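Undergrad: Submitted below is the structure of interest, expressed as structure tokens.
The values are calculated or read from the model by the stated rules, or taken from the named source; none is laboratory data. Here the structure is a predicted model, which means the values were calculated and not measured. Cβ coordinates were reconstructed from backbone atoms using ideal geometry, including for glycine residues, and neighbour counts include every protein chain displayed.
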Amino acid sequence: MKRLFLLLSVISICLAGEAQEDVHFSQFFNASPILNPATSGIFHGNLRFNSHYRQQWGSISSQPYTTMAASLDLPVLTDVTGHDMFAIGVYGIKDDAGISQTSTTNVGLNVNFGKAFDPSETHFFSLGMKVNYGQKALSYDGQWGSQWNWQLATPDFDVTVPGEYAGEASATYVAVGAGFNWFYTNHDNIRANLGSAINNINGPSVNYLNRDYSLARSLYFHGDIEIHSHADNFAVIPRTIIFTQGRQRYFVLGTAFDFVFKEAGLHTGITKEMTMEFGAYFRWKDAFIFQTQFNWAGMGVGLSYDVNISKLNGASRNLGGFEAFLSYKLGYKRGLKDGHSNDRFDSIH
């Protein structure tokens, strides 16, 4: 019954015109270049590489749902008009939905322009655009087809129905999106981000499983603030994100605590920053998320786990999703000798 329940859930998602198309990350704060193009280039360093791996519903399905993603972004021009930045980025996502063998692949390009209107660059505003090429695919392989009978009291395969379709269904589409981000720093102990993004602005039409439907627009609102005590070598970082797409919504709120073992050297860059972060978050009516991340000299390794509390917890036995994150920033806090201008975005990792 658990397997049947999962299959029915996937079928509903595939056939609903307002189904959630966007993947989600529990470590949403590490996926900002994927979620909001206006955050491309908004980091301390010359180049940033992020990678993600997520696995969930292993307690229900013999083949867990998996999501793999990676992004690369960098500032390419600075101070063209004074206190500005032009950045580009690329990303890729591969999402596989367990035994249903439903997969979604996305490849995107981000462009971002940001500018500060005050000489000290306390406030930095940016506007970004993205173009996304996507593909949805489904392999039947005996799980679907003409022998599936919805008329039974408990829908199941009906061997009395002749024939069984085996094959693949796929569809491709091009979607555009846009985003806004506001970055604030007092250049000492407070840094903040507040942003929003919209995907599928053009409402791309997809013919999938012989049905035409338009991808629903998705909206993201996200924010965080870092309050750093240099005397105590400690920082508190509240974070939140709100997502909506069609009838699908989620809201996450939580806080991370950063322990700073070493602060980066300001001038020579010889001393490398080393921090350890622990965070706890709540995804409304869905899961508690526990997260940790180790950072050293521009490299970050993060792990998180979801404890499911939704209506699916009976089948999932309160087990949720495991997520891993790996990041590297080239030119991160290398001191004055580095000479790059992205120190305007100085922060803990």
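Undergrad: For the condition in contact with a Phe, Trp or Tyr (Cβ under 6 Å, 6 or more places away or on another chain), within 30 Å of Gly134 (Cα to Cα), hydrophobic (A, V, I, L, M, F, W, C) and part of a strand (DSSP E or B), what is the one hit in Phe243, Phe278? Talk me through it step by step, then tell me what you get.
TA: Working: Phe278 fails: within 30 Å of Gly134 (Cα to Cα).
Selected residue: Phe243, the only one of Phe243, Phe278 that is in contact with a Phe, Trp or Tyr (Cβ under 6 Å, 6 or more places away or on another chain), within 30 Å of Gly134 (Cα to Cα), hydrophobic (A, V, I, L, M, F, W, C) and part of a strand (DSSP E or B).
Undergrad: Condition check: β-branched (Val, Ile, Thr), surrounded by 14 or more Cβ atoms within 10 Å (Cβ to Cβ), within 23 Å of the chain's Cα centre (by Cα) and under 17 Å from Phe28 (Cα atoms). Does Thr240 satisfy that? Even if it seems obvious, please write down each step before you answer.
TA: Details: β-branched (Val, Ile, Thr): yes; surrounded by 14 or more Cβ atoms within 10 Å (Cβ to Cβ): yes; within 23 Å of the chain's Cα centre (by Cα): yes; under 17 Å from Phe28 (Cα atoms): yes.
Spelling it out, Thr240 is indeed β-branched (Val, Ile, Thr), surrounded by 14 or more Cβ atoms within 10 Å (Cβ to Cβ), within 23 Å of the chain's Cα centre (by Cα) and under 17 Å from Phe28 (Cα atoms).
Undergrad: Kindly establish whether Gly92 is modelled with pLDDT of 95 or more and more than 19 Å from His24 (Cα to Cα). Even if it seems obvious, please write down each step before you answer.
TA: Numbers: modelled with pLDDT of 95 or more: yes; more than 19 Å from His24 (Cα to Cα): no.
Judged against the criteria, Gly92 is not a match.
Undergrad: Scan region 67-118 for residues that are among the polar types (S, T, N, Q), assigned to a strand (DSSP E or B) and farther than 20 Å from Ser32 by Cα and jot them down.
TA: Keep residues of region 67-118 that are among the polar types (S, T, N, Q), which gives 67, 71, 78, 81, 100-106, 110, 112.
The next check asks that each one be assigned to a strand (DSSP E or B); those that pass are 67, 71, 78, 102-106, 110, 112.
Selection gives Thr78, Thr102, Ser103.
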